[in-house]
Ligand SMILES: [Zn+2]
């Protein structure tokens with residue numbers, strides 16, 4: 001028997017950008033709760049929008065092309081639905097980032113901040129940056145923030161941890 005779903009036509013509250021990794025889906029959705037959120041789901045989350053250093057030419061060129069297309073899609077969603085906030089999720093043990101050699105808390109925080117700054121200046125929206133860490137079989141959320149020039153990065157735990165499956 002199928003359930004009946006009604007169309008939720010209220011205004012969008014936020015756009016969430018997250019990695020496809022199914023292991024973190026429950027935790028990310030739990031954080032979003034009942035908010036009206038557009039989801040933008042791609043391997044690596046915001047990584048394609050952050051790019052890689054130009055000396056890694058193959059990856060740099062690849063991500064320039066993929067990143068351009070991705071930015072156009074994000075732009076479409078923001079202009080069409082006008083969210084007041086963008087939520088960026090990153091997570092530990094990301095397969096896409098390992099493949100690129102761009103994993104690790106500090107690199108991921110820097111990428112989130114780079115992308116978050118672009119969003120806030122381009123769209124004038126609030127940007128929330130969340131890193132999901134794996135600690136003793138549980139997913140723990142940290143809110144990420146930086147000084148104005150991004151020279152100082154910080155993490156702060158803010159939510160109860162969730163069981164990691
Ligand atoms: Zn991932």
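Side notes on the structure shown:
- Taken together, the residues in region 85-100 that are out of contact with any helix residue (DSSP H, G or I) (no Cβ under 8 Å at 6 or more places or on another chain), in a strand (DSSP E or B) and within 9 Å of the ligand (Cβ to nearest atom) amount to 0.
- Scan region 108-151 for residues that are over 23 Å from residue 52 (Cβ atoms), in a loop (DSSP other than H, G, I, E, B) and modelled with pLDDT under 90 and the total you get is 4.
- Selection within region 6-39 - closer than 19 Å to residue 92 by Cα and in a loop (DSSP other than H, G, I, E, B): 19, 20, 21
- Close pairs (6 angstrom Cβ cut-off, 6 or more residues apart or separate chains): modelled with pLDDT under 85 in region 2-13, surrounded by 10 or more Cβ atoms within 10 Å (Cβ to Cβ) anywhere: 10/36
Condition check ((1) touching a residue at least 24 places away in the same chain (Cβ under 8 Å); (2) within 12 Å of the ligand (Cβ to nearest atom)) across all residues:
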position: 21; (1), (2): yes, yes
position: 29; (1), (2): no, no
position: 66; (1), (2): no, no
position: 70; (1), (2): yes, no
position: 117; (1), (2): yes, no
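- Identity of the residue in region 45-68, in a helix (DSSP H, G or I) and touching a helix residue (DSSP H, G or I) at 6+ places or on another chain (Cβ under 9 Å), that ends up nearest to residue 12 (Cα to Cα): 49
- Set 82, 106: member being away from the ligand (no atom under 16 Å from the Cβ) and surrounded by fewer than 12 Cβ atoms within 10 Å (Cβ to Cβ): 106
- Qualifying residue in region 41-58 (condition: more than 16 Å from the ligand (Cβ to nearest atom) and at pLDDT 95 or above): no
- Enumeration of residues in region 1-42 that are touching a helix residue (DSSP H, G or I) at 6+ places or on another chain (Cβ under 6 Å) and closer than 17 Å to residue 133 by Cα: 18
The values are calculated or read from the model by the stated rules, or taken from the named source; none is laboratory data. Predicted model, so just to flag it, every value in this text is computed and none were measured. Cβ sites come from the backbone with ideal geometry, for glycine too, and all protein chains shown count toward neighbours.
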